[in-house]
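S.K.: Sharing a structure, written as structure tokens. Questions coming.
The values are calculated or read from the model by the stated rules, or taken from the named source; none is laboratory data. None of these values were measured; they are calculated from a predicted model. Cβ placement follows ideal geometry from the backbone for every residue including glycine, while neighbour counts extend to all protein chains displayed. Just so you know, the surface numbers come from the protein's heavy atoms only, side chains and all, with ligands and any DNA or RNA stripped out. Shrake-Rupley method; radii C 1.70, N 1.55, O 1.52, S 1.80 Å.
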Amino acid sequence: ACDQVPMSGTVMIDSGSTTQRFAELIPIDRNVHVLTNSLVSALTLARRGIQELTVLGGGVRTNTNAMVDAQTIETVRAMHVDVLFLSCDGLSFARGLTTPYPAEHHLKRAMIASARRVVALVDNTKFGNDQTYCFAPFDEIDVLVTDPGASDDDVELLTDTGVEVQRAS
């Protein structure tokens with residue numbers, strides 16, 4: 001996923017455990033302005049010395065330490081970013097990326113609409129986990145990065161949808 005970070009521009013990082021891991025690894029030597037709705041990722045990025053960081057405001061969902069309310073959605077709708085790094089609760093091979101939470105669905109839809117490029121970070125344990133709300137059909141995902149544990153069959157199913165799939169090393 002680090003290869004998808006531009007040398008300059010704006011990057012938005014969604015909340016979630018996978019994107020939190022990404023925040024621990026994102027190159028901090030690039031001229032990027034990072035925006036996130038995750039308090040944990042923001043703290044990680046600040047401690048790592050990222051130069052430009054914006055925390056998207058709103059009410060904090062205390063079980064995830066993320067902002068996902070109407071204020072956050074309105075803030076995101078007013079933005080345009082170069083690359084969005086997105087997480088999910090599940091991946092339906094028929095529908096795309098899913099979540100069981102309506103507020104997350106609405107925020108993730110706004111994030112996708114604000115991004116020029118969408119990179120989904122999905123570990124293989126999410127594959128086949130079809131949740132209530134689909135927020136990202138495959139035709140809205142530019143690159144899907146997964147882990148080496150993803151089976152060849154699953155990667156082929158995803159590739160057949162037109163998504164570029166990359167396995168992290």
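S.K.: Take ASP153 and SER8, extend 7 Å from each Cα along the Cα→Cβ direction, and tell me the distance between the two endpoints in nm.
M.R.: Those two pseudo-labels are separated by 4.8 nm.
S.K.: Over region 117-164, what is the relative contact order in percent, taking alpha-carbon pairs closer than 8 angstrom and at least six residues apart?
M.R.: Relative CO of region 117-164 lands at 49 percent.
S.K.: Measuring with a 1.4 Å probe in the full set of protein chains, what accessible area per residue, in whole Å², belongs to the chain? Walk me through the numbers before you get to the answer.
M.R.: On the way: 7670 Å² over 169 residues.
Accessible surface, normalised per residue, equals 45 Å².
S.K.: Where a ≥ b ≥ c are the square roots of the eigenvalues of the C-alpha gyration tensor, would you call region 113-155 rounded, which needs a/c under 1.5, or, failing that, prolate if a/b is larger than b/c, or oblate? Present the calculation step by step, with values, prior to reporting the outcome.
M.R.: On the way: a/c = 2.39, a/b = 1.41, b/c = 1.70.
Oblate is the answer for region 113-155, as a/c is 1.5 or above yet b/c matches or exceeds a/b.
S.K.: Here is a further query. Rounded, prolate or oblate: which fits region 58-156, taking a ≥ b ≥ c as square roots of the Cα gyration tensor eigenvalues, rounded meaning a/c under 1.5, else prolate when a/b beats b/c?
M.R.: Prolate.
S.K.: Pairs of alpha-carbon atoms within less than 8 angstrom and 6+ residues apart define the contacts here; what relative contact order does region 1-141 have, in percent?
M.R.: 23 percent
S.K.: Per DSSP H run of at least 4 residues, take -39500 (n - 2.57); add these up for the chain, divide by its residues and hand me the 222 nm value, nearest 500 deg cm²/dmol.
M.R.: Computed mean residue ellipticity for the chain: -8500 deg cm²/dmol.
S.K.: Hey, another quick one. Would you mind giving the average projected area, over all directions, of the Cα convex hull of region 1-95 in nm² with one decimal? Could the numbers behind the result be given before it?
M.R.: Values: hull surface 26.0 nm².
Mean projected area for region 1-95: 6.5 nm², to one decimal.
S.K.: Additional query: Computed from these coordinates, which is Cα extents along the principal axes in Å: [x] 54, 35, 28; [y] 71, 41, 33; [z] 40, 33, 26?
M.R.: Only one listed value fits the structure, namely [z].
S.K.: Over what distance in Å are the Cα centres of region 101-134 and region 10-43 separated?
M.R.: Taking the Cα centre of region 10-43 as reference, the centre of region 101-134 is 16 Å away.
S.K.: Give the carbon-plus-sulfur fraction of the accessible surface of region 1-142 in %, rounded to a whole number; probe 1.4 Å, heavy atoms of protein chains only.
M.R.: On the way: 3010 of 6150 Å².
About 49 percent, which is the carbon plus sulfur part of the accessible surface.
S.K.: Work out how much length SER17 to ASP82 would gain on full extension: take 0.36 nm times their residue separation and subtract the Cα-Cα distance, in nm to one decimal.
M.R.: Numbers: separation 65, 0.36 × 65 = 23.40 nm, distance 2.20 nm.
My answer for the length gained is 21.2 nm.
S.K.: Local charge sum around ASP130 (other residues, Cβ-Cβ under 13 Å, Lys/Arg +1, Asp/Glu -1)?
M.R.: Spelling it out: positives minus negatives among the neighbours equals +1.
S.K.: May I pose another question? Note down the nm distance, to one decimal, between modelled labels 7 Å out along Cα→Cβ at ASP160 and at ASP130.
M.R.: Output for this residue pair reads 1.5 nm.
S.K.: OK, next. Counting Lys +1, Arg +1, Asp -1, Glu -1, what net charge surrounds THR72 among other residues with beta carbon under 14 Å of its beta carbon?
M.R.: Charge balance in the 14 Å sphere: 0.
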